[in-house]
Amino acid sequence: MRIGVFVCHCGTNIGGMVDSHQVAEAAKQFPHVVYATDYLYTCSEPGQLQIQTAIKEQSLDGVVVAACSPRMHENTFRRTIERAGLNRYMFDMANIREHCSWIGEDKEANTRKATELVRMAVAKVANHAHLHSSLFDVNKRVLVLGGGVAGMQAALDCADGGLDVILVEKKTSVGGRMAQLDKTFPTVDCSICILGPKMVDVAQHDKIKLYTYAEIDEIKGYVGNYTAKIRKKAPYVDWTKCTGCGLCMEKCPSKQSFDYHNEGIAVTTAINIPFPQAIPKKAKIDPAYCRQFTKGKCGVCAKVCPVKAINYEMEDEIVTEEVGAIIVATGYGLLDIGELGEYGAGRYPDVITGIQYERMLNASGPTQGHVQRPSDGEEPKRVVFISCAGSRDASLGRPYCSNFCCMYIAKQAILTKDHVPGVEVYVFYIDIRSPGKGYEEFTRRAQEEYGVQYIRGRVSRVFPQGKRMMVKGVDTLLGAQMEIEADLVVLGTAATAAPGAQELAEKLRISYDGYGFYMESHPKLRPVETNTSGVFLAGACQGPKDIPASVGQGSAAASKVLALFSKDQLASDPQIALVNERRCIGCFKCQDTCPFGAIEERELRDGQKVAHVIETVCQGCGLCTSTCPPGAIQLQQCTDNQIIAEVEALCQAWKQRS
Amino acid sequence: MKAKRYAYYPGCSQHGTAAEYEVSARAVADKLGITLVEVEDWSCCGSTPAHTVDHVLYGALAARNLALAEQMKLDTMVTPCPSCLIALKSARVMAQDKEHLQELRELIDLPLKGTIEVKSLLQVIFEDIGLEALTAKVKQPLTGLTFAPYYGCILTRPPQLAQFDDAENPVSMDKIIAAVGANAPDFPFKTECCGAAFGLAKRQIVQTLSAKVLAAAEAIAADAIVVACPLCHQNLDLRQEQVNAFRGARSRMPVWYITQVVGLALGFSPHEMGLDKHAVASDAILAKWETHLKEHAQ
Amino acid sequence: METIQVESIDKGFIATVERESGQQVAQCYQCGNCTAGCPLTFAFDIPVHQIMRLLQVGQKDRVLRSHAIWLCATCETCTTRCPREIDVARVMDVLRILSRRAGTVSEQGVRAFYDSFLDSVKSHGRLYELGVIMKYNLQTKRPFTDAALGPKLLGKGKIHLLPGTIKGAGAVKEIFKRFAHKRRNEG
């Protein structure tokens, strides 16, 4: 074989701590190497041209580039050699930046290690085979998980782009968190007024198929060809008949049911429509409170329903949808305030969360927008907001900033001033985080125009003092303790991963971080992609974010899907596992170990059963190859022979040195 | 029921200013089937003064007692005093580190493993005996009485060390008080500081802080404060007159040990529980209880 | 207000505090929760979050001469609630130890009490409460501190006129001796 080696300096990134020239010189002595050189930036246009020229002039049939991580430039160089007429897989990269120059402080040792890595890469390429992708058809339908503002935006953009969209929402209505909000910062416009039209569009778009009160049971398949099993949970109401008239709610005798939409600051009926603008506007029974379920008799709703939609015997229904891509927009959860024992949260009724306060401020909420203490219904004269309640708190395992609390606290402080004449409003904060457009001006307005008193410092404890709540905090700028007797305390509670986020991630085979937020493929350059091809992220499921950012990501994810679907066929990655059928003993250990379900049984003509890899499903992880007892299953471009060749090359290097 | 055996570390106060805590602790333990085997020749744990000098010295003074207790072949050591508790627990944590363990062994010149469990007597009553067994043994419920359960600082703090109850809202004493038939309303000052050991050198600190605790107990109309700490007791009871002089109050708030509360309910007399040994007399609360019991009997 | 020159940042002091406390002072983000919850803030000359800040900028003298470090009651509120998981009480404890070593103890009375306490333990193996009070009063030249409490205790058998010395008093004394020897050897 005739192999060329190209060693990059990456400016001083590599050149500063690895002698690239010396590495190239050493490479000239390696078996199969007929050409070796070094260059300042191999990924630059002249750098690539140098490779192409060498391939032609030296009749190279294999190329090794020693540079950065293959995550950066593997594709660049594959295309380079392809342009020069080589098979794009006759190539390998030696990572002498992340694995050498960036981590070692001894230039000589770095250079030695870099030389060894190049030697191994050469040995591997010498054993490379030409690989060819095959093409497969794409199912141009997209599944969107989550009907909050991010998911709706993604669904609408995809649908407007001509795609068939399946939108699955866990609750009975689309809208998500935003449907719970009263106003939105920094414009203080009515949340449902700007969200409502989107909700209507989603429901009426002929390209969008909406499943609400539904969850994902199972996802199978691969980019272009996913199969989703969707569980439509039983609402005990036949939605094809229900007109949303609300008569059942009027007559339901179980009036103390937990009100999820109002975050528990009010009660609702066991059969309910969560809010007046709900879409679809359909009733659902909460069996935890419904007397028909808890006591076995009642039947009031069934009697009063004018269209006979009630069905207590209803069961969950599983539907299957075939799609080519998935957008995950499952949102976020909120900290269980029981974790904030020092604030008495959950024990004292007048200590509430921001989202509960939002419901209280809402004109269509349980108090019709009147601010009142949950304990006695009185209008507060003094309201204290506590920022970072559980956020930036390593002791609660949440060292991250929850992103939007500073802004909604400023908004709620302003609204409090608007709603309650003469009210005093105090905000305890550690830092005011207002980096969005118009955000800084907004928090200034709260202080300058509305007279909200901001106090720089954390609150240590909240406890009852007579009818009021004593807030013990600090003004760190003054170096003094600050005690405020408040009527109402509002906590800016930490945003968390949505409940069930990890289970869903496992079904989707996408990664999540230590807090349960989904991992993007690259924090800067691939912010809405995941490492599973064909699965995209939008909104707060990837990390706490506000409405503009969520909407932006919804559109971004949609554009990724539209780009993906712009081709009728996709090329498969040929670097996958292959079974040598003559060596396979049919033990199917590989099948058990494969995380992607990519291995199936195949019967040979003589009746023997062997393993077979489904090309498009295999992700090339290599787990099966290390499990296979006779070594019959081999990962292409990472075969046993290639690994042994690399190890041998390394041993040769060490032997020569000693 | 077979009595549970524990190595018992009373701590210096139990032999002095907290004599009634000791008497009631032993009596209650006996009634509840807890055998307290006193660690022979135990010495002072070092307490706060030692850890302002050196953490190794602090560890060694407590470790000597761990070593003595380990020789008794019992798996748990129990102490009524939170200050001793935190000293013994700290020494135990220190002994988990090999280097420190060696250091401690050399200083105390005794074999030491650092394996013996250390618990407060409150924890033993609450967890090992349990509310159910306690309720079953109640002879004369403390009906009609309201107590302010006051835990102080270090019974449950820091939580990593204490490993007991809730650091922000402890409820063990609340539940014990309820189990013996009395009321324990939400007491917002249950974990605030009373001024600790500053009574002598910085009296005003104790006066300021204990004043708040007393006022908070009055605010919830408590008949008495209940404590599990000799130092808290000293500040709230023995120094109550000093505190009252400072806050301009004349009220007399009895301060009982949790063991005295339990002991009364188990059938001991106020005298047997040493309730006559406090600086602030308990006549009023005892009279109130008697009236309640009589009314109840009718 | 004085100007702090960056040259005055005593990095060796920061390192000593970090080594002896096992805490990293840079972890503190100055939220002030420790000061907010500290029951002794009213008595402190420097609130505890500012002690942490002074530590971050290595102001050894101001920290070790502060009254605050000696008025801390080790109630552990700061440690329990610190969102950065810093054992603040432990840091305060280490500062007391360092201020003893540096000879900059600002609260002689508090130290005298602690010393009397330990002397008692050293002599008798256990605490002799009356002895501590008498010794403290003698040292601080305030002979009648808490004398009024005597009758409240004496009549009830709660304070002993004579120390009770344990068998192992010698063993305890040895601990103190070996400790002193060890520290001397370590320099």
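Remarks
- Debye intensity ratio in log₁₀ form over the Cα atoms of region A:47-155, taken at each q of 0.15 Å⁻¹: -0.74
- Area hidden from solvent between A and C (accessible, protein heavy atoms only, 1.4 Å, total, Å²): 1500
- The radius of gyration of the Cα set in region A:195-253, together with its Dmax, comes out at 16.0, 50 angstrom.
- Along region A:453-467 the Karplus relation, 6.51 cos²θ - 1.76 cosθ + 1.60 evaluated at θ = phi - 60°, assigns HN-Hα couplings of 8, 8, 10, 7, x, 8, 9, 8, 7, 10, 8, x, 9, x, 7 Hz to successive residues, with x for each Gly and Pro.
- Kirkwood Rh, Cα atoms: Rg over Rh of chain C: 1.04
- Relative to the dominant Cα principal axis of chain A, helix A:405-419 is inclined by about 20°.
- Magnitude of the charge dipole, chain A, Cβ model with Lys/Arg +1 and Asp/Glu -1, debye to 20: 740
- Unit charges on C-beta of K, R, D, E only; dipole of the protein assembly as shown, Debye: 1600
- Where chain A is the region considered: accessible area per residue in Å², 1.4 Å probe: 43
- Legend: Rg and Dmax of the protein assembly as shown, from Cα coordinates, 36.5, 115 Å.
- Using a probe of 1.4 Å on the protein chains alone, the accessible area found for A:ASP513 is around 40 Å².
- Contact surface A-B: accessible area buried, both sides summed, square angstrom, 1.4 angstrom probe: 700
- Under the shape rule built on the C-alpha gyration tensor, where the axes satisfy a ≥ b ≥ c, region B:6-91 is oblate, since a/c reaches at least 1.5 while a/b does not exceed b/c.
- Carbon and sulfur %, accessible surface of chain C computed with the full protein complex present, 1.4 Å: 55
- Centroid-to-centroid, using Cα positions, region A:95-161 and region A:279-345 are 41 Å apart.
- Long-range tail of P(r) for region A:585-658 (Cα pairs > 19 Å, %): 45
- Three-way shape call for region A:339-466 based on the alpha-carbon gyration tensor, with the a/c threshold at 1.5: oblate
- When peptides A:46-57, C:26-37 are sorted by average Cβ neighbour count within 10 Å, with the highest value leading, the order is C:26-37, A:46-57.
- Helix-derived mean residue ellipticity, 222 nm - over the protein assembly as shown, DSSP H n ≥ 4, -39500 (n - 2.57), to 500: -11000 deg cm²/dmol
- Nearby lysines by direct alpha-carbon distance to A:LYS297 (threshold 20 angstrom, same-chain neighbours under 8 apart not counted): A:LYS251, A:LYS255, A:LYS284, A:LYS308
- Overall form of region A:247-304 per C-alpha gyration tensor (a/c, 1.5; a/b vs b/c): oblate
- Evaluated with a Cβ-only charge set (Lys, Arg +1; Asp, Glu -1), chain B carries a dipole of roughly 300 debye about its Cα centre, given to the nearest 20.
- Each semi-axis of the equivalent ellipsoid for region C:92-187 is √(5λ) with λ an eigenvalue of the Cα gyration tensor; in descending order they amount to 27, 20, 9 Å.
- The eigenvalues of the Cα gyration tensor, multiplied by 5 and square-rooted, give chain A an equivalent ellipsoid with semi-axes of 56, 34, 21 Å from largest to smallest.
- Each principal axis of the Cα atoms in region B:34-163 has its own extent, and those three values, largest first, are 54, 31, 25 angstrom.
- Ordering A:369-381, A:211-223 by mean Cβ neighbour count within 10 Å, with the highest value first, yields A:211-223, A:369-381.
- For the chain pair C and B, the interface hides roughly 5200 square angstrom of accessible area in total, found with a 1.4 Å probe.
- Partner lysines whose Cα lies under 23 Å from the Cα of A:LYS589, excluding those fewer than 8 positions away in the same chain, are identified as A:LYS220, A:LYS507, A:LYS609.
- Each pair of Cα atoms in region B:140-190 enters the Kirkwood radius, and Stokes-Einstein at 25 °C and 0.890 mPa s then converts it into a translational diffusion coefficient of 214 µm²/s.
- Members of B:LYS73/C:LYS135; B:LYS119/B:LYS294; B:LYS31/C:LYS156; A:LYS140/A:LYS232; A:LYS170/A:LYS467 lying beyond 30 Å, as alpha-carbon distances in this model show: B:LYS73/C:LYS135; B:LYS119/B:LYS294; A:LYS170/A:LYS467
- Drop in accessible area of at least 10 Å² in the complex versus isolated chain, residues of region B:209-234, 1.4 Å probe: B:LEU209, B:LYS212
- Relative to one another, the C-alpha centroids of region A:431-496 and region B:52-106 are positioned 43 Å apart.
- Estimated D of region C:6-102 in µm² per second, where Rh is the Kirkwood radius over Cα pairs and Stokes-Einstein applies at 10 °C, 1.306 mPa s: 122
- Projecting the Cα atoms of C:THR80, C:PHE113, C:LEU98 onto the charge dipole of region C:69-118, computed from C-beta unit charges around the Cα centre, puts C:LEU98 farthest toward the positive end.
- Paramagnetic label reach from A:PHE136 (point 7 Å along Cα→Cβ; backbone nitrogen cut-off under 18 Å): within region A:545-587, residues A:564-579.
- Alpha-carbon centroids, region A:170-237 and region C:60-90: separation in whole Å: 50
- Percent of Cα pairs exceeding the 36 Å cut-off, where the set is chain B: 15
- Amide proton proximity set for A:SER391, modelled H, under 5 Å, gap of 5+: A:ALA494
The values are calculated or read from the model by the stated rules, or taken from the named source; none is laboratory data. Source: prediction; values computed, not measured. Cβ sites come from the backbone with ideal geometry, for glycine too, and all protein chains shown count toward neighbours. Please note that ligands, DNA and RNA were not included when accessible areas were found on the heavy atoms of the full protein model with its side chains. Shrake-Rupley method; radii C 1.70, N 1.55, O 1.52, S 1.80 Å.
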